[in-house]
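Notes for the one structure printed next.
The values are calculated or read from the model by the stated rules, or taken from the named source; none is laboratory data. Computed from a predicted model, the values in this text were never measured in an experiment. Note: ideal-geometry Cβ built from the backbone for every residue, glycine included; neighbour counts use all protein chains shown. When the accessible area is computed, the model is the full protein with side chains, heavy atoms only, and any ligands, DNA or RNA have been set aside. Shrake-Rupley method; radii C 1.70, N 1.55, O 1.52, S 1.80 Å.
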Amino acid sequence: MDLRKLVERRKLTDRLFAALGICCVLIALLTLVVLMGDLARQGLSRIDWQFMTSFPSRAAARAGILSAWVGSLMIMLVTVITAVPLGVAAGVYLEEYAPKNRLTTFIEINISNLAGVPSIVYGLMALGLFIYQLGMNRSTLAGGLTLACLILPIVIVATRESLRTIPSNIREAAFAIGASKWQVVSHHLLPYSAGGIATGVIIATSRALGETAPLITIGALTFIAFLPPPPVMSEPPFVSFQWLHDEFTVLPIQMFNWVSRPQPEFQVNAAAAGLVLVAMTLSLNGAAIWLRYRMRKRIKW
Amino acid sequence: MNAERTAITHADPASTPKVSPRVVGPFKAEVRDVNFYYGQFHALKNVSMPFVDKRVTALIGPSGCGKTTLLRCFNRMHDLYPGNRYEGEIILHPDQINIISPKVEPLEMRMRIGMVFQKPNPFSKSIFENVAFGLRLQGETNRRVLADKVEAALKSAAIWDETKDRLQKGARDLSGGQQQRLCIARAIATEPEILLFDEPTSALDPIATSRIEDLIDSLRGRFTILIVTHNLQQAGRIADYTALMYKGELVEMDKTVAMFEKPSFKLTEDYLTGRFG
Ligand SMILES: Nc1ncnc2c1ncn2[C@@H]1O[C@H](COP(=O)(O)OP(=O)(O)OP(=O)(O)O)[C@@H](O)[C@H]1O
Ligand SMILES: [Mg+2]
């Protein structure tokens with residue numbers, strides 16, 4: 001009977017904790033719902049074709065986010081193209097090649113810490129390095145590189161984490177057949193960890209997508225009323241890299257600009273831009289979840 | 001039977017060779033005064049023994065005696081981890097190269113000496129790609145040749161019938177026993193000179209175990225096989241020669257039948273009768 005009482009008591013604790021957990025989840029969820037709902041109530045009706053395809057304007061009704069979302073996409077492109085190869089290579093090196101000594105440990109700890117450095121610090125670093133030292137103009141390239149520095153540690157950590165989930169007996173199997181280290185990495189480790197790496201990259205990208213401070217620090221403009229020439233053309237020279245060197249703005253900066261204006265019409269624009277930004281971020285995160293699910297099903301240990 | 005055994009008078013350990021004169025060549029490999037260290041830990045102590053060409057030799061002994069350590073010297077797996085050190089020679093015939101010499105390239109040894117592990121470890125790739133991997137590493141690119149060799153290896157490993165309709169399916173969906181036979185197919189696809197088995201059946205049920213034993217039996221005459229096993233009956237069933245190790249040293253090596261019937265050393269007899277280990 002005592003035993004039964006004990007069991008009852010523990011079941012009660014279980015239920016109490018479950019209730020508490022549900023409360024916490026609800027609080028978090030409700031906050032999100034209220035935030036999103038507020039944004040949607042204000043901005044949803046403003047989102048239309050005109051809004052997506054217009055440049056910013058002094059008149060709130062004629063303003064749009066064309067240069068902002070194109071800018072965001074271009075920046076993300078530069079960021080991903082530079083940060084992913086660098087980060088994956090560094091992660092593979094640290095995990096598979098580097099001798100396990102104090103120096104490596106020191107580097108590893110520092111990289112983990114870099115992931116937590118406030119983003120504005122990256123902006124300052126980029127301002128000093130890219131703009132003043134290397135003499136770049138305040139361009140898409142400089143902005144993309146800045147955010148690449150920001151997400152580089154996240155990509156490195158994600159790469160290492162996902163390499164670590166591969167059991168060591170799989171590495172031994174490949175080595176035992178006579179594979180070189182590079183063959184083990186390229187034929188096995190990278191394919192098996194691609195899902196995890198991609199997930200990390202996407203999550204890092206969705207964080208970078210919302211970054212404002214470092215881009216303002218390096219001097220992103222808030223009013224861009226032109227698009228760069230398209231990167232691919234039908235007449236010679238067919239490709240153009242002008243977009244890399246042009247000035248840019250991004251969605252969160254455009255949004256910030258509108259929020260800081262007194263007219264209520266611009267607040268509506270800001271809410272609509274915010275909605276577009278949230279939609280982009282959520283779809284990136286959705287893609288990450290989908291990828292992880294797919295990879296879990298495909299790769300089994 | 002026990003009474004009979006205890007009546008045997010054992011040879012004088014000092015004057016009796018550890019490797020019985022019944023173990024005669026041609027040899028595929030000869031271990032000569034091998035010492036092995038995991039950092040400071042002395043795991044193999046002056047081990048010397050031959051391995052007869054195209055025959056099955058079992059390594060037995062209590063847990064921690066160094067069987068796996070010796071096996072992994074042959075394909076230089078110890079080179080993968082820092083702090084490990086070899087001394088002595090493992091001569092590979094007929095080229096007379098010392099497998100554990102620092103001058104010998106581990107990659108070459110691993111291509112010439114195949115290994116099957118305790119836990120089945122197929123890659124998370126298709127069945128076909130698992131077996132083809134070794135061939136690809138050896139530079140084979142012709143698809144026809146690849147397909148033929150993969151088929152031959154799967155047939156040799158007695159798993160062709162179960163896999164021929166699903167070669168492009170994931171290898172990890174096979175059962176444990178099938179995975180282990182696939183790993184054997186993967187190891188023999190490149191026709192290695194020596195095959196190393198480290199307790200290949202310890203993770204399997206009795207039926208899967210007997211299929212693997214039959215398979216190893218069928219590979220006799222084609223490959224020189226070293227197999228580590230904890231199962232004395234298994235050694236008795238499939239090994240031509242058996243070597244007993246204890247605390248990093250070789251105790252005795254003989255023809256399996258001779259050793260099981262009349263061990264030369266007291267230690268061997270104690271081990272075989274289950275008095276320790
Ligand atoms: N990586 C290692 N580092 C340090 N010591 C090790 C390492 N691997 C094995 N040893 C030690 O070396 C000795 C021999 O180990 P080994 O794995 O060769 O034993 P074994 O005969 O295969 O045992 P089992 O039958 O349990 O597999 C053991 O005492 C073990 O603790
Ligand atoms: Mg072992």
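Miscellaneous remarks
- Of all residues making up segment A:140-174, the number that are within 14 Å of another protein chain (Cβ to nearest Cβ) and over 16 Å from A:VAL92 (Cβ atoms): 4
- Selection status of B:ARG136, in a helix (DSSP H, G or I), within 16 Å of ligand 2 (Cβ to nearest atom) and within 29 Å of B:ILE212 (Cα to Cα): no
- Checking the stated criteria, A:GLY219 turns out to be more than 14 Å from every other protein chain (Cβ to nearest Cβ), open to solvent by less than 20 Å² (accessible area, probe 1.4 Å) and either in a loop (DSSP other than H, G, I, E, B) or touching a Phe, Trp or Tyr at 6+ places or on another chain (Cβ under 8 Å) (or both).
- Residue among B:GLY170, B:GLY221 that is within 13 Å of chain A (Cβ to nearest Cβ), more than 16 Å from ligand 1 (Cβ to nearest atom) and in contact with a Lys or Arg (Cβ under 9 Å, 6 or more places away or on another chain): B:GLY170
- With respect to being crowded, with 23+ Cβ neighbours inside 10 Å and within 16 Å of ligand 2 (Cβ to nearest atom), B:MET115 fits the description.
- A count restricted to segment B:173-202 and to residues that are within 16 Å of ligand 1 (Cβ to nearest atom) and under 12 Å from B:VAL131 (Cβ atoms) stands at 0.
- Subset of segment B:118-133 that is part of a loop (DSSP other than H, G, I, E, B) and within 28 Å of B:ILE90 (Cα to Cα) - its residue that is most open to solvent (accessible area, probe 1.4 Å): B:LYS119
- Whichever residue in segment A:186-216 is more than 21 Å from the chain's Cα centre (by Cα) and hydroxyl-bearing (Ser, Thr, Tyr) and, among such residues, is nearest to the other protein chains (Cβ to nearest Cβ): A:TYR192
- Residues in segment A:247-301 that are among the hydroxyl-bearing types (Ser, Thr, Tyr), under 19 Å from A:LEU215 (Cα atoms) and open to solvent by 60 Å² or more (accessible area, probe 1.4 Å): A:SER260 alone.
- Residue that is surrounded by the fewest Cβ atoms within 10 Å (Cβ to Cβ) [pool: residues in segment B:74-98 that are within 23 Å of B:THR57 (Cα to Cα) and within 16 Å of ligand 2 (Cβ to nearest atom)]: B:HIS78
- Residue in segment B:23-44 that is crowded, with 21+ Cβ neighbours inside 10 Å, of a type outside the set (S, T, N, Q), under 19 Å from B:ALA258 (Cβ atoms) and more than 14 Å from ligand 1 (Cβ to nearest atom) present: yes
Matching residues to (1) outside the structural domain of A:GLY143 (by TED's automatic domain parsing); (2) open to solvent by less than 30 Å² (accessible area, probe 1.4 Å):
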{"residue": "A:LEU3", "(1), (2)": "yes, no"}
{"residue": "A:LEU16", "(1), (2)": "yes, no"}
{"residue": "A:CYS24", "(1), (2)": "yes, no"}
{"residue": "A:GLY37", "(1), (2)": "yes, no"}
{"residue": "A:ALA59", "(1), (2)": "no, no"}
{"residue": "A:LEU77", "(1), (2)": "no, no"}
{"residue": "A:GLY87", "(1), (2)": "no, yes"}
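- Only listed residue being more than 9 Å from chain A (Cβ to nearest Cβ), touching a residue at least 12 places away in the same chain (Cβ under 8 Å), surrounded by fewer than 18 Cβ atoms within 10 Å (Cβ to Cβ) and away from ligand 1 (no atom under 16 Å from the Cβ), chosen from B:SER101, B:SER63: B:SER101
- Any chance B:SER210 is open to solvent by 20 Å² or more (accessible area, probe 1.4 Å), touching a residue at least 24 places away in the same chain (Cβ under 8 Å) and not basic (Lys, Arg): no
- Just one of the listed residues (A:GLU108, A:GLU96) is open to solvent by less than 50 Å² (accessible area, probe 1.4 Å) and within 14 Å of another protein chain (Cβ to nearest Cβ), namely A:GLU96.
- Per the conditions (1) more than 12 Å from chain A (Cβ to nearest Cβ); (2) away from ligand 1 (no atom under 16 Å from the Cβ); (3) open to solvent by less than 30 Å² (accessible area, probe 1.4 Å), the sole criterion not satisfied by B:THR141 is (3).
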